[in-house]
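> Just passing along the structure, written as structure tokens.
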Amino acid sequence: MYKAKALIVDDEPDIRELIQITLERMDIDSDLAMNINAAKDLLKENDYSFCLTDLKLPDGSGLDLVTHVQEEHPNLPIAVITAFGNMDIAVSALKRGAFDFISKPLNLKHFRKMIESVIKLKDNQADKSQQEEDPIAGKSPLIIQLKDKIRKVSRSQAPVFIHGESGTGKELVARMIHRYSPRNQSPFIAVNCGAIPTELMESEFFGHKQGSFTGASQDKVGLFQAAQGGTLFLDEVADLPKAMQVKLLRAIQERSVRPIGANKEISIDCRILSAT
């Protein structure tokens, strides 16, 4: 039976120990490295299910290790541990091909969810049967390039923007990204942003509590919650008013939403795909 094994790269002993113990409780073995050079040596000698790297290391940046993994071990998912609130670095990591990121101090609940997603991703890579029926026809160089890009971005948790003329199959691409991702057993929710009345947008996306406004006769689950664990596809996202785009950006960054009338935010776990 296949048993997962991780490479942990961090120069802080307490963090390495915390991650290692957490993984042991998930029945995952791990090797430890204190810097980039040690990590590269271990990558040459071992076959890992995934890699976790701190951002700041004694001999360089964890982003450099992300780039190295993408070039030398393209099928190895790698996630970056960042300082709390450092979204610019997190975005850079995702653009370089990181699977995901997690902030310090570690939220173990979120951390375990991320690891579970990585394991599902490796299982998907091993199961070639899901790729037998390809919904995108064609074997031209551009179509092959498109399919390769779809499979590459499906491995990440990063938000994806799909641009193209009407009728070119943007939603089909979004569905393929979801299908090849570790989220493929959870909902794929597609919404046409241009079809939602402006006054109902916040309620549609974030939900509301009973009595929070006139006509709110019962609690409503928003689209972010409906897509929990899966993928939320925002078609015609450019039709959203700027004020709503700002609220969506916060929801994506903070991974939480506050339904209208609620006293606290609700954690969300869905991947955002958008198109226009």
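The values are calculated or read from the model by the stated rules, or taken from the named source; none is laboratory data. Because the structure is a prediction, the values reported are computed rather than measured. No Cβ is skipped: glycine too gets one built from the backbone with ideal geometry, and neighbour counts run over all protein chains shown. Each accessible area value is taken on the protein alone, full model and side chains, heavy atoms only, with ligands, DNA and RNA left out. Shrake-Rupley method; radii C 1.70, N 1.55, O 1.52, S 1.80 Å.
> What helices (runs of 4 or more DSSP H), lying completely within the stretch 1-114, carry at least 3 residues that are without any contact (Cβ under 8 Å) to a residue 60 or more places away in the chain and over 28 Å from Glu254 (Cα atoms)? Spell out how you get there, then give the answer.
Values: elements: 13-25, 36-45, 62-72, 87-95.
The helices (runs of 4 or more DSSP H) meeting that bar are 36-45, 62-72.
> Write out, first by first residue and then by second, each pair whose Cβ atoms fall under 6 Å of each other, whose residues are 6+ apart or on separate chains, and whose first residue, in the stretch 238-254, is closer than 23 Å to Ala83 by Cα while the second is part of a helix (DSSP H, G or I).
Correct list of pairs: Gln253/Met87.
> I'd like the residue in the stretch 83-118 that is among the β-branched types (Val, Ile, Thr) and surrounded by fewer than 21 Cβ atoms within 10 Å (Cβ to Cβ) and, out of all such residues, is nearest to Leu55 (Cα to Cα).
Taking the stretch 83-118 as the starting set, the residues that turn out to be among the β-branched types (Val, Ile, Thr) are 89, 91, 102, 115, 118.
Now narrow it down to the ones that are surrounded by fewer than 21 Cβ atoms within 10 Å (Cβ to Cβ): 89, 91, 102.
On the way: Ile89: 9, Val91: 13, Ile102: 11 Å.
Step by step, filter the stretch 83-118, then rank; the result is Ile89.
> Condition check: charged (D, E, K, R) and surrounded by 14 or more Cβ atoms within 10 Å (Cβ to Cβ). Does Lys44 satisfy that?
No; evaluated as a whole, the condition is false for this residue.
> Here's a follow-up. Which one is surrounded by the fewest Cβ atoms within 10 Å (Cβ to Cβ) among residues in the stretch 241-271 that are of a type in the set (S, T, N, Q) and not in a strand (DSSP E or B)? Spell out the reasoning first.
Initial filter on the stretch 241-271 (of a type in the set (S, T, N, Q)): 245, 253, 256, 263, 267.
Subset that is not in a strand (DSSP E or B): 245, 253, 263.
On the way: Gln245: 13, Gln253: 12, Asn263: 7.
So, considering only residues that are of a type in the set (S, T, N, Q) and not in a strand (DSSP E or B), the one surrounded by the fewest Cβ atoms within 10 Å (Cβ to Cβ) is Asn263.
> Give Gly211, Gly207, Gly222 a once-over and let me know the one that is of a type in the set (Gly, Ala, Ser), without any contact (Cβ under 8 Å) to a residue 60 or more places away in the chain and open to solvent by 40 Å² or more (accessible area, probe 1.4 Å). Walk me through how you get there before you give the answer.
Details: Gly207 fails: open to solvent by 40 Å² or more (accessible area, probe 1.4 Å); Gly222 fails: open to solvent by 40 Å² or more (accessible area, probe 1.4 Å).
Unique residue meeting the criteria: Gly211.
> Hey, any hits in the stretch 174-189 for a residue that's more than 23 Å from Gln157 (Cα to Cα), touching a Lys or Arg at 6+ places or on another chain (Cβ under 6 Å) and outside any loop (DSSP other than H, G, I, E, B)?
Going through the stretch 174-189, the residues more than 23 Å from Gln157 (Cα to Cα) turn out to be none.
Taking every residue of the stretch 174-189 in turn, none turns out to be more than 23 Å from Gln157 (Cα to Cα), touching a Lys or Arg at 6+ places or on another chain (Cβ under 6 Å) and outside any loop (DSSP other than H, G, I, E, B).
> Next up: Does any residue of the stretch 152-165 turn out to be out of contact with any His (no Cβ under 6 Å at 6 or more places or on another chain), aliphatic (A, V, I, L, M), assigned to a helix (DSSP H, G or I) and more than 22 Å from Ser117 (Cβ to Cβ)?
no
> Of all residues in the stretch 161-175, count the ones that are of a type in the set (Ser, Thr, Tyr) and within 12 Å of Glu236 (Cβ to Cβ). It would help to see each step written out before you state the result.
At the first step, the residues of the stretch 161-175 found to be of a type in the set (Ser, Thr, Tyr) are 166, 168.
From what is left, the residues that are within 12 Å of Glu236 (Cβ to Cβ) are 166.
Summing the residues that are of a type in the set (Ser, Thr, Tyr) and within 12 Å of Glu236 (Cβ to Cβ) in the stretch 161-175 gives 1.
> Could you list, in sequence order, the residues of the stretch 133-170 that are touching a residue at least 60 places away in the same chain (Cβ under 8 Å) and open to solvent by less than 70 Å² (accessible area, probe 1.4 Å)?
Matches in the stretch 133-170: Arg155, Ser156, Gln157, Ala158, Val160, Ile162, Gly164, Lys170.
> Within the stretch 137-169, count every residue that is among the basic types (Lys, Arg) and more than 20 Å from the chain's Cα centre (by Cα). Step through it out loud before you land on a result.
Restricting attention to the stretch 137-169, the residues satisfying the condition of being among the basic types (Lys, Arg) are 139, 147, 149, 151-152, 155.
Of the ones still in play, those that are also more than 20 Å from the chain's Cα centre (by Cα) are 139.
Qualifying residue count, the stretch 137-169: 1.
> Going by the conditions given, is Asp29 of a type outside the set (Val, Ile, Thr), open to solvent by 10 Å² or more (accessible area, probe 1.4 Å) and farther than 24 Å from Arg151 by Cα? If you could, list the steps in order and put the result at the bottom.
On the way: of a type outside the set (Val, Ile, Thr): yes; open to solvent by 10 Å² or more (accessible area, probe 1.4 Å): yes; farther than 24 Å from Arg151 by Cα: yes.
Yes, satisfied.
> Return the residues of the stretch 8-51 that are of a type in the set (Lys, Arg) and closer than 23 Å to Leu108 by Cα; say none if nothing qualifies.
Filtering the stretch 8-51 for residues of a type in the set (Lys, Arg) gives 16, 25, 40, 44.
Passing the criteria: Arg16, Arg25.
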